[in-house]
1. Please list Leu287, Leu43 from largest to smallest accessible area, probe radius 1.4 Å, with all protein chains kept in place.
2. Of [x] 6, 22, 22, 21, 17, 9, 2, 0; [y] 6, 28, 35, 24, 6, 1, 0; [z] 5, 16, 16, 10, 5, 4, 4, 4, 4, 4, 4, 4, 4, 5, 5, 4, 2, 0, which is the value of P(r) over Cα pairs in 10 Å bins from 0, in percent derived from the coordinates here?
3. Taking the Cβ of Gly225 as the centre, find all other residues whose Cβ is under 13 Å away and add up their charges (Lys, Arg: +1; Asp, Glu: -1).
4. Using only Cα atoms, locate the centre of the stretch 172-186 and the centre of the stretch 70-114, then give the distance between them in Å, rounded to an integer.
5. Where is the GNM fluctuation largest for the chain (alpha-carbon springs, 10 angstrom cutoff): Asp36, Asp16, Asp170?
6. How much accessible area per residue does the stretch 1-123 have, in Å², with a 1.4 Å probe?
7. Please give the charge dipole size of the chain, origin at the Cα centre, charges +1 on K and R Cβ atoms and -1 on D and E Cβ atoms. Round to the nearest 20 debye.
8. Which sequence of Met176, Met78 reflects their accessible areas, 1.4 Å probe, from the largest down?
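The values are calculated or read from the model by the stated rules, or taken from the named source; none is laboratory data. Predicted model, so just to flag it, every value in this text is computed and none were measured. So basically every Cβ, Gly included, is an ideal-geometry build from the backbone, and we count neighbours across all protein chains shown. Only protein heavy atoms, including side chains, enter the accessible area calculation; ligands, DNA and RNA are left aside. Shrake-Rupley method; radii C 1.70, N 1.55, O 1.52, S 1.80 Å.
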Amino acid sequence: EVHYNTLLSSFARASDLAQARCWFGRLQAAGLKANDVSYNAMLHACAKKQDAAQAQEWFQKMLTARLNPGAFSFDVVMDAFAQRGNIEGAENWFSRMVQANVCPTIVSYNTLIYASARAAKPVSAVRWFQRLTDSRLSPGTAEYSGVMQAFAKAAKLQEAEEWFGRMVKDDVAPNMMSYATLMHAAAQAQQPGQSEMWLHSAVGASLDPDFVSYSIVLNAYSKNGDPAKAQRVLNDMQQQRLNPDVVTYNALINAWAKAGDRASAEAVLQEMLNRTLEPTLKTYNSLINICAKSGAG
């Protein structure tokens, strides 16, 4: 039984619901009785596939088997709804959890905060954050960052930054995701300078911005029609030994093309080729457009 449960858990982590279902059948065919670990693995597999309907079916099967679902079981079904931004579905399962006298955990509240963030509903995120604190659980970095993400997705940069300040004031340490959320929010608000400021703030906080973080800022400058600053961010990225990908180079080439600077666009293309990256149709379209505008062949 332990062997089967180990396999089920492995397939669940790999989001392979079909294989998990197959091995659950083999467990039963071997005359073994599935336990709560077996069913929780199936619930987890459903959640990883964002299949809320299947998660509910397996939860019912767990009840039919006369097993008592715990907090993990409820949390996983909630997560299946949350990953699709289905707040109502996740909240219904939270209510079922309470009605079943199962005590919500920090994960339960976190799931609802992030469901709100995915749906770009900051009011809902704040409400669940408040319910978390009312329950006498202590919110951590993930919960504060989740509320920030909700405001960021709703294009409310100021509110997201205010929650960052509240986080710091409450002695909760921001992580790279916290800073990246603000960088993205600033980029969405067409404030690339503010986005870069948060990138530098992360460095000042002894965090290590990754490729995605630099790309957020580079794309923000590119879309804002400032290829020179986007180029500088690319250089900074490379100094940190982070390798730009095709998408990053395309954004910069397109920015130089829109600025009418053919030489700079071609220089970026050459650098891209030197790194053995294959240009895409978007790469060539940007170069064709600038040639057409300049009347050059």
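1. Order by accessible area, largest first: Leu287, Leu43.
2. [x]
3. That sum, taken over residues with Cβ under 13 Å, equals +1.
4. Taking the Cα centre of the stretch 70-114 as reference, the centre of the stretch 172-186 is 25 Å away.
5. Asp170
6. 48 Å²
7. So the dipole magnitude of the chain works out to roughly 600 debye.
8. Per-residue accessible area, sorted high to low, gives Met176, Met78.
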